[in-house]
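Here's the structure we're looking at; comments come further down.
The values are calculated or read from the model by the stated rules, or taken from the named source; none is laboratory data. It should be emphasised that the depicted structure is a prediction, and the values quoted were computed from it without experimental measurement. Virtual Cβ from ideal backbone geometry, glycine too; neighbours counted across all protein chains shown.
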Amino acid sequence: MLQDNRQGYGLVSITIHWVSALAIVFLFGLGLYMTSLSYYEPWYHKGPTLHVSIGLLLFALTLLRVLWRLVSPKPAALPNHTPLMRLGASAIKILLYALLFTLLITGYLINTAEGKGAEIFGLVTIPAVIELGADSVDLAGTVHLVFAWAIIVLASIHGAAALLHHFVHRDKTLVRMLKPTGARSN
Ligand code: HEM
């Protein structure tokens, strides 16, 4: 139930997948909301604290996700998946990982640019590794914003493809990311 197998995903991968998806959408909405606030609004300070804390937790979860992927068997493609579908799905997944890591790293760099560590709800502090000048912070901010939009667009394509598999091709692509595939169905 917990582990992935050749037939599908286990509870660990499924939970990480949906918690990450939720966190990404939440961070995107909160990030845009933060930039619309003026200094005297209460969320002007609360927003970034929450954004950075959830962002760092997502960073840890993403590292765990990559480790879990490396030590788990990879579910096989379904018989009706054409080579083109497999290529498209792999390309989008690689791009999503690349965008996600860039977002997590640029977010961390912006937050620690002045040499102060990044905090998770005031409980854990991740130390700063480099201080950045104003131009570099601006660049990291632009990359963070553009890549945040890109990840939302790509994740929407990825989600639309899953719905297409479910409703048009009527295969198990979406169901196996919703329901753990038990070891007995091996
Ligand atoms: C999937 C993950 C993330 C998404 C989708 C996301 C999304 C966003 C968005 C849309 C903005 C507004 C950008 C703007 O208009 O300038 C923003 C700003 C910001 N984010 Fe993130 N973010 C993510 C992860 C992180 C992480 C991990 C951190 C820190 C550890 C972080 C720190 C910041 C900071 C400090 C800002 C304010 C930037 C500025 O004032 O220029 N973000 N984020």
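Within region 79-128, being outside any helix (DSSP H, G or I) and either β-branched (Val, Ile, Thr) or touching a His at 6+ places or on another chain (Cβ under 9 Å) (or both) holds for ASN80, HIS81, THR82, THR112, ILE120, VAL124, THR125, ILE126. Applying the criterion of being within 18 Å of LEU123 (Cβ to Cβ) and within 7 Å of the ligand (Cβ to nearest atom) to the residues of region 24-60, the residue that is surrounded by the fewest Cβ atoms within 10 Å (Cβ to Cβ) is PRO48.
Looking across region 57-106, the residues that are closer than 16 Å to MET177 by Cβ and hydrophobic (A, V, I, L, M, F, W, C) come down to TRP68, ALA76, ALA77, LEU78, MET85, ALA89, ILE92, LEU96. Restricting VAL124, VAL66, VAL71 to those that are within 13 Å of the ligand (Cβ to nearest atom) and modelled with pLDDT of 95 or more reduces the list to VAL124. If you scan region 137-178, which residues turn out to be of a type in the set (Phe, Trp, Tyr) and loosely packed, with under 13 Cβ neighbours inside 10 Å? Within region 137-178, TRP149, PHE167 qualify.
The sole residue among GLY107, GLY133, GLY141 that is touching a residue at least 24 places away in the same chain (Cβ under 8 Å) and farther than 21 Å from SER20 by Cα is GLY141. None of THR125, THR142, THR106, THR102 is hydroxyl-bearing (Ser, Thr, Tyr) and more than 19 Å from the chain's Cα centre (by Cα) except THR125. Among the residues making up region 144-178, those that are free of Cβ contacts under 8 Å to residues at least 24 places away in the same chain and more than 16 Å from the ligand (Cβ to nearest atom) are ALA160, ALA162, LEU163, LEU164, HIS165, HIS166, PHE167, VAL168, ARG170, LEU174, VAL175.
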